[in-house]
């Protein structure tokens, strides 16, 4: 029997960085990690009507308006790129309510139908995983020592935390889940 058959499939995880929180906020970067650990992300050029900006959010993610102006991609391009990679798949978010809203704005303004399903990561978690989440996440963050706060890095942290909280008999090792360098669209 092939050992890969017994290994759990890592969920596809998506993360969205935004201009702030609440009414008027919008997506400025989206990133995801695939089951094999490969990551991708793209900065998003804000629409002219998207003017809300929260300096405290900027200090958290480190993405400035200038970076978006220089490296952001048009929303139509980002929406089609997401569909190209995620079409027909279920992707998971640890901030489902926020990410649903921000992805909804992206696809609505782009006038492109979203061709993948977004679901809440907590639907996959057992009570034991939820109880171990914070401590495990801190260990994963320390282990990865990522230099930049990016949506794809956050997605990688979430996916690895999920895998690390699985019961010992079903844990996928870091060697199995290759830590591939980030493939950025931006």
> Quick one: is residue 186 modelled with pLDDT under 95, part of a helix (DSSP H, G or I) and on the phi < 0 side of the Ramachandran plot?
Replying inline: no
> Can you find a residue in the range 116-130 that is assigned to a helix (DSSP H, G or I), under 25 Å from residue 49 (Cβ atoms) and touching a strand residue (DSSP E or B) at 6+ places or on another chain (Cβ under 7 Å)?
Replying inline: no
>> If I filter the range 96-108 for residues that are more than 19 Å from the chain's Cα centre (by Cα) and assigned to a loop (DSSP other than H, G, I, E, B), do I get at least one hit?
In response: no
> Restricting attention to the range 108-146, which residues are farther than 20 Å from residue 39 by Cβ and in contact (Cβ under 8 Å) with a residue 40 or more places away in the chain?
Replying inline: 109, 125
>> Name the single residue that is farthest from the chain's Cα centre (by Cα) among those in the range 64-89 being within 19 Å of residue 105 (Cα to Cα) and part of a loop (DSSP other than H, G, I, E, B).
In response: 74
> Mind checking whether some residue in the range 35-47 is assigned to a helix (DSSP H, G or I) and either at pLDDT below 95 or surrounded by 15 or more Cβ atoms within 10 Å (Cβ to Cβ) (or both)?
Replying inline: no
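The values are calculated or read from the model by the stated rules, or taken from the named source; none is laboratory data. Please read these numbers as outputs of a predicted model, since none were measured by experiment. Here Cβ is always computed from backbone atoms with ideal geometry, including for glycine, and neighbour counts include all displayed protein chains.
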